[in-house]
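The values are calculated or read from the model by the stated rules, or taken from the named source; none is laboratory data. From a predicted model like this one, the values you see are computed outputs, not experimental measurements. Cβ sites come from the backbone with ideal geometry, for glycine too, and all protein chains shown count toward neighbours. Protein only, heavy atoms only, side chains kept; ligands, DNA and RNA dropped before computing areas. Shrake-Rupley method; radii C 1.70, N 1.55, O 1.52, S 1.80 Å.
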Amino acid sequence: MSDTNRQINQVLRTMFQDSHGSLWFATLNGAFKLESDSLIYIDKIISESGKGVTIKDITEGIDGKIWLGHTDGVSSVDGEEMKNYYQSDGLISNDVWSIAADKKGDIWIGSIDGVCVFNG
C-alpha cells in the first residue's frame with residue numbers, strides 16, 4: 001500500500017478524518033491516507049475492469065470500516081482488507097457521488113441513478 005513516489009493529485013475532491021485521527025484524501029487518482037507522518041496510497045481501489053478510479057466521497061461505518069464512493073462503485077477498507085462493490089454486486093449504478101453511514105450501521109450510497117443502501 002505504501003508508495004513514497006506517489007503524491008496527492010492536484011485535484012482533491014474531499015477530505016475525511018476517521019475515528020482514529022487519520023486523514024483520508026479523495027482524489028482523481030484514488031485515495032490516500034495520512035497516518036502519523038506517512039502518506040499511504042490505497043492501491044486496491046479499482047474499477048471492475050481493473051483500472052483506477054476517482055474517489056468522490058468518504059465515510060466511516062459504526063464498525064470502523066472506511067467506505068469510499070467512486071467512479072466505478074464503492075470500496076470498503078477494514079485494516080489491510082479491501083473489498084470493491086459494483087453494479088454487478090447490486091449497486092443501482094457504478095457512478096457513485098456520495099456515501100454516508102447511519103446510526104444503525106447501514107451505508108447509504110448516492111449515485112447518478114438514485115440511492116441504495118448497503119446493510120451487509
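Counting the residues of segment 85-99 that are over 19 Å from residue 49 (Cα atoms) and buried (at least 16 other Cβ atoms within 10 Å of the Cβ) gives 1. For segment 79-120, which residues satisfy the criterion of being over 11 Å from the mean Cα position of the chain (by Cα) and charged (D, E, K, R)? Scanning segment 79-120 gives 80, 81, 89, 95, 102, 103, 104, 106, 113. Close contacts from segment 49-67, counting a first residue that is basic (Lys, Arg) and a second that is open to solvent by less than 30 Å² (accessible area, probe 1.4 Å) and in a loop (DSSP other than H, G, I, E, B), with Cβ to Cβ under 8 Å and a gap of 6+ residues or different chains, come to 51/72. Taking segment 9-65 and the strands (runs of 3 or more DSSP E) fully enclosed by it, the elements with 1 or more residues that are open to solvent by 70 Å² or more (accessible area, probe 1.4 Å) and modelled with pLDDT of 95 or more are at 12-17.
Report, by residue number, each residue of segment 82-120 that is more than 22 Å from residue 14 (Cα to Cα) and outside any loop (DSSP other than H, G, I, E, B). Across segment 82-120, the qualifying residues are 87, 88, 89.
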